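Below is one structure, written out as C-alpha cells; comments come after it.
The values are calculated or read from the model by the stated rules, or taken from the named source; none is laboratory data. Quick caveat: nothing in here was measured; it's all calculated off a predicted structure. For neighbour counting, all protein chains shown are included, and Cβ atoms are generated from backbone atoms with ideal geometry for every residue, glycine included.
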2 protein chains.
Amino acid sequence: MRHQGKRHGQRRKAAPKRRITGFLQPIFLLQLYSQDRHGYDLLQGLEEFISDAETYDPSIIYRIMREMESNGWVNSYEGTVSRGPRRRMYSLTLEGKEQLSRWMIDLQKTKDEIDNLLTVFRQQTT
Amino acid sequence: MRHQGKRHGQRRKAAPKRRITGFLQPIFLLQLYSQDRHGYDLLQGLEEFISDAETYDPSIIYRIMREMESNGWVNSYEGTVSRGPRRRMYSLTLEGKEQLSRWMIDLQKTKDEIDNLLTVFRQQTT
DNA sequence: TCATCTATTGACAACAGGTCTATAGATAAA
DNA sequence: TTTATCTATAGACCTGTTGTCAATAGATGA
C-alpha cells in the first residue's frame, strides 16, 4: 500500500515545543472519563485542551496509551466494526481515575508556580 | 582534593519531577533583572519560585547559564575576589530581557491551558 | 487505479535535564 | 596538621519524554 501524501506533498507544521512534561496523559484520561474512545478520537479531542493540537503526530497517542495501559490506568479492546480501518478502544480504569486526580493536584501546583513567577516578573518590570 | 561528603554521608533527596520544560531559564533570567549574580546565588534564589528547590543539583545552573550565554541572553565575567572559591558573575543582556518577556507570554498561555484542563476536570467529576 | 480520509503500529532520533565525578578556596573542628 | 564543611564551578555520562518518520490498513471518492 502506498504511503499517504502527508510526507510527500504537505509538510506537517512543526510540532509545538513541549511545555509541560506529561500533559497529554491527563488530557487523554479525562477524555475517557465519560466514555470509551478510540485512539484517533482522543487525538481529535486534544484541540479542546491544547492550541496547535493539529500539529501533533497521531503516533504519539498510541505510544502514550500503550504506556498508560501497562501502568493499569486504561484498558483497551478491539472496537466494534465500523466503516474504515480497525479501531482500538480505550477505557479508563479505577486506577486511572485515581492517577488522573493526582495529576490534577500536581497541575494545580504547577499553575501556582507559574502564577508566582508571572507576578514577580510584573513587579520587577514596572 | 577529597570529594564532598554529600555523596557518602547524606543522600540528596530525589529531584522533583520536571513539570514545565524550560522553567528554570526564565527564573534565572528574572533574578538577573535587578542585579548581576553568580551561579550559586541564582541557584539559592530558586527557592522563591520552586518548591523542593534544594533538591536541585548545582551543576544544572552552570549548564543552563552556559547555554543562555551562547544564545546571547546573558554575559558572564570573573567575579571580584571574595572569600572562598572563585565566582562567575552573570548579567542580563538586552536580548535576554526580550527573551524573558517572550517566555512570560508563553507561560501565561501554559497557565491558561492548565486552568482550562482543571476546569473541565471539575465539571466532569462532580 | 490513485488520492484522501480515518486509524494504528513501531523504530529511530532528538532534546531537556538528572546524576555523578572532580576540583577549588576559606574557615572551623578534630 | 589534617579533616570536615561550606561556598562555588565545570563537565561527562545517563535517563526519560517526546518528536519524526516509515509502514500499514479499510472505505470512499475522483
note = Among the residues of the range A:86-105, the number that are within 14 Å of chain B (Cβ to nearest Cβ), more than 13 Å from B:ILE114 (Cβ to Cβ) and in contact (Cβ under 8 Å) with a residue 24 or more places away in the chain is 5
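A quick yes/no check of all residues on (1) more than 17 Å from B:ARG19 (Cα to Cα); (2) buried (at least 16 other Cβ atoms within 10 Å of the Cβ); (3) within 14 Å of chain A (Cβ to nearest Cβ):
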{"site": "B:GLU48", "(1), (2), (3)": "no, no, yes"}
{"site": "B:PRO58", "(1), (2), (3)": "yes, no, no"}
{"site": "B:MET68", "(1), (2), (3)": "yes, yes, no"}
{"site": "B:ASN75", "(1), (2), (3)": "yes, no, no"}
{"site": "B:GLY84", "(1), (2), (3)": "yes, no, no"}
{"site": "B:LEU107", "(1), (2), (3)": "no, yes, yes"}
{"site": "B:GLN123", "(1), (2), (3)": "yes, no, yes"}
key: Filter pass, A:GLN25 being within 19 Å of A:LYS97 (Cβ to Cβ), touching a residue at least 12 places away in the same chain (Cβ under 8 Å) and either away from chain B (no Cβ under 14 Å) or within 11 Å of DNA strand D (Cβ to nearest atom) (or both)   = yes
message = If I ask for residues that are away from DNA strand C (no atom under 12 Å from the Cβ) and buried (at least 21 other Cβ atoms within 10 Å of the Cβ), which ones from the range B:14-36 would you list?
response = B:LEU29, B:LEU30, B:GLN31, B:LEU32
key: Within the range A:47-66, tally of residues that are at pLDDT 90 or above, within 11 Å of DNA strand C (Cβ to nearest atom) and of a type outside the set (Phe, Trp, Tyr)   = 9
